[in-house]
Every structure is written in structure tokens, then in C-alpha cells.
Amino acid sequence: MTTVPPALVVTFFAAFGLIVGSFLNVCIYRLPLKQSIVWPASRCTACQRELSWFENVPVLAWLALGGRCRTCKARVSAMYPIVELVTGALFVGAYLLYGATPLGFVRIAFGCAMIVLFVIDLQHRILPNVITVTGVPIGFALSLFLPPGWKESLIGLAIGGGVLYVIGEAYYRLRGIDGLGMGDVKMLAMIGAFLGWRLTLVTLIFASFTGALVGVALLTSGRGGMKAALPFGTFLAVGAVVAAVAGDQIFTWYVSFYR
């Protein structure tokens, strides 16, 4: 029986990840506009010309065209190749961590959702229900057969949604303004359904800590005030990926201080 060289498998995952990253860019652009992600074909957002096949080649097309539309010369955001590269890295990382297993493919799908939510919240301050709300039952259903198991998943989605809801409600009653949107609540519930309650807590702590650091940095640099809105979903997305990769070790390390 012929064994496929590991380098070839990694190359395949990287290439496929780049292609999926190109599709994620479509989702990132169209979901906030409530447009179909499958039709029409990709086109320049400035002149609306339909792109040729070679203009859709991940990363390379953007580099070859100098980050501009071939027709109208409008700038094409560097976010496009960045998303493609990050998605390619996600595919390779998931393969190296989990192999070509069902859990590995679930982690890839979850990571892709986090990438889309990261960018959309960063750009638009929204978290589409089509990903967050839909992701909750999907994550729970998958937990019936795969880690973290249905009990961990059920507790995770309850804690994930419940904790942020209570925090947001308390902030509103104390300050009279919304401190957290329901999108964040639904996103953390989705994370809980996929990762379980332990990794959800790791996600929340990581997101809160990094969000606080960024907030302080913006405040001290004069680029933001006390009421400046931060895209918390963006921090949750990063925290969820960190938790999926190293959350068990982080949780064990943290709990060890109380033993």
C-alpha cells in the first residue's frame, strides 16, 4: 500500500485552505449586506465587473495585480489575501493537531466561522445570526458524537450565553447604556456549544483580558475615549481559537493555583 508523503498532505490542506479563504472573503463582504454568498459570481466592488477565473486565484492574483482592480484600478483591501493566508494556516494547523479526523474537520469549520465573525465585527460591529444562532444547534448536535460531549456542550452554551447576558444586563442597569450586544451573547453561546464550558471560560477570560489591553492602549494613545465601542466579538474569535488549540492546558494551569 502506497503511503502519501506527509509534506504532500500538508500542501493539499494549505492549498484547499487558501481556496476556502477566498470563499470566506465572499461571506465577509456579502453577509453584512444580506446578499447571497453563492450568486452572483465574484465581482469588483467598485466597478461591478465580474472577475475572471485567474483574478480569483488566492493571494497570487492580489499580488500580481498590485492590490488593484484590473479594470478600474480601485484598491483591493489587503484583508483579502490576509484572510486567505490565515485560513490556509488554519487548515494546516488543524491537520497537524488532529489529523484528517472528524474532530479535525469540525475544528476547521469552527475556525472558519471565527475568521468570518472576527472580520465582520471588526469592520461593521455586527455578528450575523446566520452564523451565531445557526452554530449553536450545530455545535450541540456534533457534541453528541465528538468532544466535548453533549453535557459539556450544553453547559457551555448555557454558561456562554448566560454569563454575557447577565454582564450586559447589569451594565445597562448601572450605566443606562448597552455595554454588550446580543450578538456577543449568541456568539459565546455558539462557542460553548462547540468547545464546552471549560474552554468557553478560557475564551471569555482571554477575550476580556486582551480587550482590556487594547482599550487601555487606545485610551492612553488618545485614539479612543471611555465610551469608545470595541468589537468584543473580534476578541472572542481570537480567544476561541486559542482555547481550541491550547485551552485544556491553560485551564489546567489556571486551576492548579487553587489546589
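The values are calculated or read from the model by the stated rules, or taken from the named source; none is laboratory data. Since we're looking at a predicted model, the values are computed, not measured. Cβ: placed from backbone, ideal geometry, glycine included. Neighbour counts: every protein chain shown.
Here is a check on your reading of the model: is THR71 closer than 29 Å to PRO147 by Cβ and out of contact with any Ser or Thr (no Cβ under 8 Å at 6 or more places or on another chain)? So THR71 does not fit the description; no.
Restricted to segment 89-103, and to residues there that are of a type outside the set (A, V, I, L, M, F, W, C) and under 19 Å from PRO5 (Cα atoms), the residue that is surrounded by the most Cβ atoms within 10 Å (Cβ to Cβ) is TYR95.
Residues are listed down the side, and each one gets a yes or a no for (1) in contact with a Ser or Thr (Cβ under 9 Å, 6 or more places away or on another chain); (2) surrounded by 15 or more Cβ atoms within 10 Å (Cβ to Cβ); (3) within 10 Å of PRO58 (Cβ to Cβ):
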{"position": "LEU8", "(1), (2), (3)": "no, no, no"}
{"position": "THR11", "(1), (2), (3)": "no, no, no"}
{"position": "GLY17", "(1), (2), (3)": "yes, yes, yes"}
{"position": "SER22", "(1), (2), (3)": "yes, yes, yes"}
{"position": "ASN25", "(1), (2), (3)": "yes, yes, yes"}
{"position": "ILE28", "(1), (2), (3)": "no, yes, no"}
{"position": "GLN35", "(1), (2), (3)": "no, no, no"}
{"position": "PRO40", "(1), (2), (3)": "no, no, no"}
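Residues in segment 94-106 include none that are modelled with pLDDT of 95 or more and within 21 Å of ILE205 (Cα to Cα). Among the residues of segment 65-76, is any within 22 Å of the chain's Cα centre (by Cα), surrounded by 13 or more Cβ atoms within 10 Å (Cβ to Cβ) and without any contact (Cβ under 8 Å) to a residue 60 or more places away in the chain? Among the residues of segment 65-76, at least one is within 22 Å of the chain's Cα centre (by Cα), surrounded by 13 or more Cβ atoms within 10 Å (Cβ to Cβ) and without any contact (Cβ under 8 Å) to a residue 60 or more places away in the chain, which makes the answer yes.
The set of residues in segment 27-54 that are of a type outside the set (Ser, Thr, Tyr) and more than 26 Å from PRO128 (Cβ to Cβ) comprises CYS47, ARG49, TRP53, PHE54. Quick check: anything in segment 61-81 closer than 20 Å to GLY111 by Cα, at pLDDT 95 or above and touching a Pro at 6+ places or on another chain (Cβ under 6 Å)? No, the conditions are met nowhere in segment 61-81. Selection of segment 42-51 for residues being loosely packed, with under 11 Cβ neighbours inside 10 Å and in contact with a Lys or Arg (Cβ under 9 Å, 6 or more places away or on another chain) yields only GLU50.
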